[in-house]
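Student: Before we start, here is the structure in question, set down as structure tokens.
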Amino acid sequence: LPSPAEIKQRVFSYYAAQNRAVTIEDYRAISYGMPPKFGAIKKCSIERDFDALRRNLNMYVISTDKNGHLIPTSHTVKTNLKTWLNNYKMINDTLDILPAQVVNFGIKFSIVADFEENRFNALNLAMQRLQNFYNSTVFDINESMYIVDIYKELHKAPGVVDVLDVQLIPKVGGKYSDVSYPFGANLSNDGR
């Protein structure tokens, strides 16, 4: 189920859509408003396809299994979603519903612990701080991540005096997704 924060955001967006899909936010709100009997998506992201001849929109969707793990949205749910959106979309808009891809990653970091603190305890508290941050933060498809946020969270951990380095490491294969993302190549100019 969506978190209370997600529900609040979705309600405001759905109300603003006024039963028509004109903007990208309208499409998102109406997609989340599809009745559960037709299936459900967990997240969606919509982008205008400027290479298309018509006003084409690419919608990326993903669902969850009964355990809350992200899985590809079934063909049936995507078909139902397209039918649902046809009731609200503009006549000259075309819509392609595509699968969103999951990118798994790990965080490698180096910290300096306070001299009076047990360094293993400081490391465990820093890791726990990051786990709590990512468990409580809701990310959307294609949303930017900020390495600065990781530095901030690590600095807040008890016993951490300084954070020397943070790296995002792709996790691929086995229990992880097969999608590899080049984090280093996609950093902003300032490395954040």
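The values are calculated or read from the model by the stated rules, or taken from the named source; none is laboratory data. From a predicted model like this one, the values you see are computed outputs, not experimental measurements. Here Cβ is always computed from backbone atoms with ideal geometry, including for glycine, and neighbour counts include all displayed protein chains. Side chains included, ligands, DNA and RNA excluded: accessible areas come from the protein's heavy atoms. Shrake-Rupley method; radii C 1.70, N 1.55, O 1.52, S 1.80 Å.
Student: Report, ordered by the first and then the second residue, all pairs with beta carbons closer than 7 Å, sequence separation of six or more or different chains, a first member in segment 126-151 that is within 17 Å of Val163 (Cβ to Cβ), and a second member that is charged (D, E, K, R) and at pLDDT 85 or above.
Tutor: Note: pairs meeting the criteria are Arg129/Glu153; Arg129/Lys156; Leu130/Glu153; Phe133/Glu153.
Student: Quick one: which residue in Asn142, Asn132 is closer than 28 Å to Glu25 by Cα and either open to solvent by less than 70 Å² (accessible area, probe 1.4 Å) or within 25 Å of the chain's Cα centre (by Cα) (or both)? First the steps, then the outcome.
Tutor: Values: Asn132 fails: closer than 28 Å to Glu25 by Cα.
The conditions single out Asn142.
Student: Tell me yes or no: at least one residue of segment 73-81 is free of Cβ contacts under 8 Å to residues at least 40 places away in the same chain and open to solvent by 80 Å² or more (accessible area, probe 1.4 Å).
Tutor: Yes, segment 73-81 contains at least one residue that is free of Cβ contacts under 8 Å to residues at least 40 places away in the same chain and open to solvent by 80 Å² or more (accessible area, probe 1.4 Å).
Student: Scan (1) open to solvent by 80 Å² or more (accessible area, probe 1.4 Å); (2) at pLDDT below 90 for the single condition Leu85 breaks and write down its number.
Tutor: Every condition holds for Leu85 apart from (1).
Student: Inside segment 19-68, can you point out the residues that are in a loop (DSSP other than H, G, I, E, B), open to solvent by less than 80 Å² (accessible area, probe 1.4 Å) and either in contact with a Pro (Cβ under 7 Å, 6 or more places away or on another chain) or of a type in the set (Asp, Glu) (or both)?
Tutor: Within segment 19-68, the first condition is being in a loop (DSSP other than H, G, I, E, B), and the residues that meet it are 19-20, 22-23, 33-35, 39-42, 49-54, 65-68.
When the remaining residues are screened for being open to solvent by less than 80 Å² (accessible area, probe 1.4 Å), the result is 22-23, 33-35, 39-42, 49, 52, 65, 68.
Of everything in segment 19-68, those that are in a loop (DSSP other than H, G, I, E, B), open to solvent by less than 80 Å² (accessible area, probe 1.4 Å) and either in contact with a Pro (Cβ under 7 Å, 6 or more places away or on another chain) or of a type in the set (Asp, Glu) (or both) turn out to be Asp49, Asp65.
Student: Run Glu143 past the list (1) in contact with a helix residue (DSSP H, G or I) (Cβ under 9 Å, 6 or more places away or on another chain); (2) closer than 30 Å to Thr73 by Cβ; (3) among the charged types (D, E, K, R) and report the number of the one that doesn't hold.
Tutor: For Glu143, the failing item is (1).
Student: Is there a residue being among the charged types (D, E, K, R) and either within 30 Å of Thr73 (Cα to Cα) or within 19 Å of the chain's Cα centre (by Cα) (or both) anywhere in segment 111-120? Give the steps one after another, and end with the answer.
Tutor: Initially, segment 111-120 is screened for residues among the charged types (D, E, K, R), giving 114, 116-117, 119.
So of that shortlist, the ones also either within 30 Å of Thr73 (Cα to Cα) or within 19 Å of the chain's Cα centre (by Cα) (or both) come out as none.
Among the residues of segment 111-120, not one is among the charged types (D, E, K, R) and either within 30 Å of Thr73 (Cα to Cα) or within 19 Å of the chain's Cα centre (by Cα) (or both), which makes the answer no.
Student: Return yes when Pro99 is within 29 Å of Lys171 (Cβ to Cβ), free of Cβ contacts under 8 Å to residues at least 60 places away in the same chain and open to solvent by 50 Å² or more (accessible area, probe 1.4 Å) and no when it is not.
Tutor: Against the criterion (within 29 Å of Lys171 (Cβ to Cβ), free of Cβ contacts under 8 Å to residues at least 60 places away in the same chain and open to solvent by 50 Å² or more (accessible area, probe 1.4 Å)), Pro99 qualifies.
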